[in-house]
Each structure stands twice: as structure tokens, then as C-alpha cells.
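Beneath this line is the structure, given in C-alpha cells, with notes to follow.
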Amino acid sequence: MSISGTGLGGSWSGWVPQTLAKIHDDLNAKSVQLATGKIATTNSGLGGNVYQTLDLQSRLSACDMFSESIVSVGIDLTTSINAVSALSDAANATKTGPLAAINSSDAAGRSSRQAQLKSLLTSLLGYVNTRGVNGYIFGGANTSPPLRKMLIHS
């Protein structure tokens, strides 16, 4: 009765170098992964995870776009709140200032009141034509051109 070897026969001498070469290649690949922080250099190197990776990349891209939109809308909202607040302050100042004086019987100050009203109206139009990140805030559906400017005649 004879004792047989590992069952590899004469290929034992060829198996060891092939195995060591494969271990060496795997170690090199893992070293590259560790150094770069990437599992593979191409999408095909990801194997079955390629679809999941591409899906996650597209979701990250969409999140970046949403984040940029949120920042843009936040700036526009802050700008519009400031403009509406300034409009309200100007309207209140007009009620208590020049418009209140119009009802008085003082005819000598009429031209100065007209100049005050013209100045207030000009500033009100300036607030209405406030420009935001993506166009004029109070422009409605078409925010690219400014609102029509009223001609104020003195």
C-alpha cells in the first residue's frame, strides 16, 4: 500500500509559485486601495457593486444641486424680506411725513413736499426692482428684466 500525496500530483511545484504570485498581486491591489481610498480605479473593477455605486453618485449629485438651490432661495428670501420691510418703512414714513403735510393749509411748502414724495417714490421703485440671485425678486414669472420703471416728472 502506498501513500499518495496531496492529490495535486506533479503540479505541486507549479501551484506554489502561482499562489504566491496571486497573493502578491492581491496585496498590491489592497495597498493601492488603502493608499487611494478607492476600491477600484474604474467602474468595472467594482464588480456587482457598480450599480449601487453609480446610484449613490447620482444621489449625491442631486443632493448637491438641492443644496445649491436651497442656498440660492435662502438668499432671495432674505433679500425680498429686507425689500418688503424697507417698502413698509417707506410707506409708513410717507403717511406720517409728506402725505400728512399735504392736507395742511401751508401752501408755501408744497414744492418741498413734492420733492419728498418724488424721492420716496423713487426709493420705492428701487426696492421693487431688487435683484436676487436668479433675477429680479418681484418680477413674477419672468425675472430676467426689471419691472417697468415709472417716469417721475417734477
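The values are calculated or read from the model by the stated rules, or taken from the named source; none is laboratory data. Worth saying up front: this structure is predicted, and the values here are computed from it rather than measured. Neighbour counts run over all protein chains shown; Cβ positions are idealised from the backbone, glycine included.
For the reader, a short list of remarks on this structure follows.
- Odd one out for Thr41 among (1) more than 24 Å from Thr130 (Cβ to Cβ); (2) at pLDDT 75 or above; (3) assigned to a helix (DSSP H, G or I): (3)
- Sole residue being over 30 Å from Asn134 (Cβ atoms), modelled with pLDDT of 85 or more and exposed (fewer than 12 other Cβ atoms within 10 Å of the Cβ), chosen from Ile23, Ile70: Ile23
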